[in-house]
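S.K.: Got a structure here, written out as structure tokens. Questions coming.
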């Protein structure tokens with residue numbers, strides 16, 4: 001195996017995948033304030049139209065075939081056998097409270113594609129949600145699908161949760177390597193680990209599972225089993241000269257997706273930001289910061305040939321951390337809004353944020369000046385998010401009302417997570433797939449309405465975004481309070497009549513989401529009028545104020561620019577803008 005085949009992860013495959021990169025947080029029952037399991041997911045792509053997917057439960061006649069299309073591109077991949085009954089799926093949660101999210105990490109380029117493969121990572125998620133009831137079934141289903149039909153994507157990490165358990169699964173295809181008899185090695189190698197109770201995990205476009213307890217057979221029905229993996233996850237790497245060393249030292253991530261500067265700085269740094277907020281033990285270990293910012297240390301630098309244990313990083317961040325205190329769902333929503341605030345890499349504080357403290361940088365992610373390469377930070381909240389969610393699975397409630405899918409479109413820092421119960425029988429039209437697209441405007445599309453507000457805020461972030469934040473927090477706090485009452489009423493109804501309970505949570509979910517979009521549209525109108533032309537008009541309670549003449553003429557303030565911005569202009573222009581005699585007017 002040539003050095004270039006392994007290290008192309010950094011130079012080619014990883015960089016190409018960051019355009020559609022994603023962030024997941026995973027919270028075990030024992031780490032959440034209410035005993036729910038929680039999974040977050042931000043689908044970050046400049047080409048993804050944020051909408052709420054929906055598949056109704058269905059029975060299928062024997063012999064039915066399912067057409068599979070690549071989720072990212074819409075490319076037709078082929079047909080697979082349909083099963084006799086599929087479950088209802090709303091977004092990334094099904095009627096049994098099963099949740100699946102993902103992040104793409106790419107991995108070794110030689111494993112990045114597989115001739116004749118039919119199931120890509122996106123199809124793998126949504127087909128599995130229609131076929132599995134719980135996390136263990138989901139892992140088994142995913143493994144069987146790629147083994148039978150081939151895996152049509154590069155390396156992927158999955159978050160998988162039900163009402164009781166949360167799992168992280170790292171998976172990568174086998175490329176076009178051959179078996180001893182000359183046939184293609186169809187399928188994928190993978191490892192899945194259960195997050196311990198009281199702990200949280202995260203992944204953000206890099207494989208995070210390192211060593212694991214190898215077992216001869218997966219025991220999916222054993223409640224004490226906390227690790228599953230493909231039978232050849234280690235032997236495949238050894239046989240194809242990707243790894244050389246003892247099986248007990250084999251590290252999935254370090255062999256199939258070696259971490260270097262880009263993977264750490266663009267991906268692992270987002271994991272660091274989450275762990276840093278919830279665990280003092282993690283926060284107090286300064287090595288974690290060194291690693292996450294790209295200072296990767298090795299006992300022996302890799303040169304060529306198979307990867308060996310001595311080539312692995314000498315210090316990696318932990319796969320999961322124990323939380324200092326249990327986390328409530330609103331705090332999890334807000335962790336998805338991070339821009340490295342409070343750190344030396346705070347994106348609102350450096351020169352690139354001037355003049356209005358914008359914690360965003362437009363693509364490309366890297367750039368060059370005078371033959372030197374530079375980067376823009378890749379943080380959790382980003383402008384290119386299509387949709388994101390915070391999903392709760394609550395085992396103490398009947399499944400159709402136990403799954404609560406907090407859904408939002410566009411940038412997580414500016415979105416509002418609206419509550420969607422997993423058992424609903426229809427979705428709000430404002431979030432529907434066929435209501436607008438990336439190339440078609442719709443006046444009642446949640447995606448376009450939220451983008452109007454967010455992109456307006458990008459023009460003068462330090463004055464406009466605080467209003468968005470305050471309104472967002474107010475709405476979400478109100479929803480969180482409301483659902484407690486909705487839960488109780490739905491639970492009582494469910495005991496009497498399941499269909500009435502489902503209709504009740506459907507009506508609540510749809511009406512709440514629809515009202516949110518209508519309110520957000522009015523919010524945009526208010527923000528646009530208040531902040532147009534670089535000014536700020538007097539307002540109260542999100543309404544502009546008349547100056548006192550009753551003629552619709554407001555008082556206007558002219559906030560101008562920061563002192564730092566002014567000095568920077570002077571430094572760049574010298575006396576060009578100086579008023580003669582230095583007598584300012």
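S.K.: Report whether or not residue 570 is modelled with pLDDT of 90 or more and part of a loop (DSSP other than H, G, I, E, B).
M.R.: Details: modelled with pLDDT of 90 or more: yes; part of a loop (DSSP other than H, G, I, E, B): no.
Against the criterion (modelled with pLDDT of 90 or more and part of a loop (DSSP other than H, G, I, E, B)), residue 570 does not qualify.
S.K.: Continuing with the same structure: Name the residues in the range 315-342 that are assigned to a loop (DSSP other than H, G, I, E, B) and crowded, with 18+ Cβ neighbours inside 10 Å, would you? First the steps, then the outcome.
M.R.: Taking the range 315-342 first, the residues assigned to a loop (DSSP other than H, G, I, E, B) are 315-319, 323-326, 328, 336-342.
Those that are assigned to a loop (DSSP other than H, G, I, E, B) and crowded, with 18+ Cβ neighbours inside 10 Å: 316, 317, 319, 323, 336, 337, 338, 339, 340.
S.K.: Enumerate the pairs (first residue in the range 229-258 and without any contact (Cβ under 8 Å) to a residue 24 or more places away in the chain; second residue anywhere and in a helix (DSSP H, G or I)) with beta-carbon separation below 6 Å, excluding pairs fewer than 6 apart on the same chain, so at least 6 apart or on different chains.
M.R.: Short answer, once both residue conditions are applied: 234/247.
S.K.: Further question on the same structure: Of everything in the range 58-74 that's within 26 Å of the chain's Cα centre (by Cα) and in a loop (DSSP other than H, G, I, E, B), which residue is surrounded by the most Cβ atoms within 10 Å (Cβ to Cβ)? Can you show your working first?
M.R.: First, pick out the residues of the range 58-74 that are within 26 Å of the chain's Cα centre (by Cα): 68-74.
Okay, now just the ones that are also in a loop (DSSP other than H, G, I, E, B), so 70-74.
On the way: 70: 17, 71: 19, 72: 15, 73: 11, 74: 7.
Across the range 58-74, the extreme among qualifying residues is 71.
S.K.: Could you pull out the residue among 490, 501 that is in contact (Cβ under 8 Å) with a residue 40 or more places away in the chain, over 24 Å from residue 409 (Cα atoms), in contact with a strand residue (DSSP E or B) (Cβ under 8 Å, 6 or more places away or on another chain) and not assigned by TED's automatic domain parsing to the domain that holds residue 331? Spell out the reasoning first.
M.R.: On the way: 501 fails: in contact with a strand residue (DSSP E or B) (Cβ under 8 Å, 6 or more places away or on another chain).
Of the residues listed, the single one that is in contact (Cβ under 8 Å) with a residue 40 or more places away in the chain, over 24 Å from residue 409 (Cα atoms), in contact with a strand residue (DSSP E or B) (Cβ under 8 Å, 6 or more places away or on another chain) and not assigned by TED's automatic domain parsing to the domain that holds residue 331 is 490.
S.K.: Which members of the range 65-85 meet the condition of being touching a residue at least 12 places away in the same chain (Cβ under 8 Å) and on the phi > 0 side of the Ramachandran plot?
M.R.: Of the residues in the range 65-85, the ones touching a residue at least 12 places away in the same chain (Cβ under 8 Å) are 65-72, 77-85.
The one that is touching a residue at least 12 places away in the same chain (Cβ under 8 Å) and on the phi > 0 side of the Ramachandran plot: 78.
S.K.: Among the helices (runs of 4 or more DSSP H) contained in the range 224-314, which hold 3 or more residues that are surrounded by fewer than 18 Cβ atoms within 10 Å (Cβ to Cβ)?
M.R.: On the way: elements: 235-239, 252-256, 269-278, 280-283, 286-292.
Fully inside the range 224-314 and qualifying: 235-239, 280-283, 286-292.
S.K.: So in the range 277-293, with the set limited to residues that are in contact with a helix residue (DSSP H, G or I) (Cβ under 9 Å, 6 or more places away or on another chain) and without any contact (Cβ under 8 Å) to a residue 40 or more places away in the chain, which one is farthest from residue 188 (Cα to Cα)?
M.R.: 283
S.K.: Then there is this: Given the residues 427, 420, which is the only one that is at pLDDT 95 or above, assigned to a loop (DSSP other than H, G, I, E, B), buried (at least 16 other Cβ atoms within 10 Å of the Cβ) and in contact with a strand residue (DSSP E or B) (Cβ under 6 Å, 6 or more places away or on another chain)? Before the answer, list the steps.
M.R.: Details: 420 fails: assigned to a loop (DSSP other than H, G, I, E, B).
It is 427.
S.K.: In the range 37-57, which residues are assigned to a strand (DSSP E or B) and more than 20 Å from residue 421 (Cβ to Cβ)? If you could, list the steps in order and put the result at the bottom.
M.R.: Residues of the range 37-57 that are assigned to a strand (DSSP E or B), as a first pass: 37-44, 54-55.
Scanning the range 37-57 gives 42, 43, 44.
S.K.: Of everything in the range 430-443, what is under 25 Å from residue 337 (Cα atoms) and surrounded by fewer than 24 Cβ atoms within 10 Å (Cβ to Cβ)? Give them in sequence order. Don't jump to the end; show me each part of the working.
M.R.: Within the range 430-443, the subset under 25 Å from residue 337 (Cα atoms) is 430-433, 437-438.
Selection gives 432, 433, 437, 438.
S.K.: Residue 515 - would you say it is without any contact (Cβ under 8 Å) to a residue 40 or more places away in the chain, under 26 Å from the mean Cα position of the chain (by Cα) and under 19 Å from residue 430 (Cα atoms)? I'd like the intermediate steps shown before the answer.
M.R.: Working: without any contact (Cβ under 8 Å) to a residue 40 or more places away in the chain: yes; under 26 Å from the mean Cα position of the chain (by Cα): yes; under 19 Å from residue 430 (Cα atoms): yes.
Yes: the conditions hold for residue 515.
For every residue, the table says whether it meets (1) modelled with pLDDT under 95; (2) under 24 Å from residue 431 (Cβ atoms).
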| site | (1), (2) |
| --- | --- |
| 39 | no, yes |
| 44 | no, yes |
| 50 | no, yes |
| 65 | no, no |
| 73 | yes, yes |
| 87 | no, yes |
| 97 | no, yes |
| 108 | no, no |
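S.K.: Out of the residues in the range 354-386 that are free of Cβ contacts under 8 Å to residues at least 40 places away in the same chain and outside any strand (DSSP E or B), which is surrounded by the most Cβ atoms within 10 Å (Cβ to Cβ)? Explain how you work it out, then say what you get.
M.R.: Going through the range 354-386, the residues free of Cβ contacts under 8 Å to residues at least 40 places away in the same chain turn out to be 361-362, 364, 367-374, 376.
Narrowing further to those that are outside any strand (DSSP E or B): 361-362, 364, 370-371, 376.
Numbers: 361: 19, 362: 10, 364: 12, 370: 4, 371: 5, 376: 16.
Among residues in the range 354-386 that are free of Cβ contacts under 8 Å to residues at least 40 places away in the same chain and outside any strand (DSSP E or B), the one surrounded by the most Cβ atoms within 10 Å (Cβ to Cβ) is 361.
S.K.: Another question, if that's okay. Given the criterion outside any helix (DSSP H, G or I), more than 21 Å from residue 39 (Cβ to Cβ) and out of contact with any strand residue (DSSP E or B) (no Cβ under 6 Å at 6 or more places or on another chain), identify the matching residue among 455, 435, 462. First the steps, then the outcome.
M.R.: On the way: 455 fails: outside any helix (DSSP H, G or I); 462 fails: outside any helix (DSSP H, G or I).
Just one listed residue meets the conditions, 435.
S.K.: Hey, another quick one. So how many residues does the range 536-571 have that are surrounded by 13 or more Cβ atoms within 10 Å (Cβ to Cβ), more than 20 Å from residue 470 (Cα to Cα) and touching a residue at least 24 places away in the same chain (Cβ under 8 Å)?
M.R.: Number satisfying all stated conditions: 5.
S.K.: Still on this structure: Can you tell me which of 155, 198 is assigned by TED's automatic domain parsing to the domain that holds residue 133, surrounded by 23 or more Cβ atoms within 10 Å (Cβ to Cβ) and in contact with a strand residue (DSSP E or B) (Cβ under 8 Å, 6 or more places away or on another chain)? Please lay out each step first, then the result.
M.R.: Working: 198 fails: surrounded by 23 or more Cβ atoms within 10 Å (Cβ to Cβ).
Matching residue, one of 155, 198: 155.
S.K.: Here is a list: 189, 119. Which entry is buried (at least 24 other Cβ atoms within 10 Å of the Cβ), under 22 Å from the mean Cα position of the chain (by Cα) and either in the same structural domain as residue 43 (by TED's automatic domain parsing) or without any contact (Cβ under 8 Å) to a residue 12 or more places away in the chain (or both)?
M.R.: Details: 189 fails: under 22 Å from the mean Cα position of the chain (by Cα).
When all the criteria are applied, what remains is 119.
S.K.: Same structure again: Here is a list: 203, 229. Which entry is in the same structural domain as residue 314 (by TED's automatic domain parsing) and either at pLDDT below 95 or within 22 Å of the chain's Cα centre (by Cα) (or both)? Spell out the reasoning first.
M.R.: On the way: 229 fails: either at pLDDT below 95 or within 22 Å of the chain's Cα centre (by Cα) (or both).
Of the residues listed, the single one that is in the same structural domain as residue 314 (by TED's automatic domain parsing) and either at pLDDT below 95 or within 22 Å of the chain's Cα centre (by Cα) (or both) is 203.
The values are calculated or read from the model by the stated rules, or taken from the named source; none is laboratory data. Here the structure is a predicted model, which is why all the values come from computation and not from measurement. Every residue, glycine among them, receives a Cβ derived from its backbone with ideal geometry; neighbour counts consider all protein chains shown.
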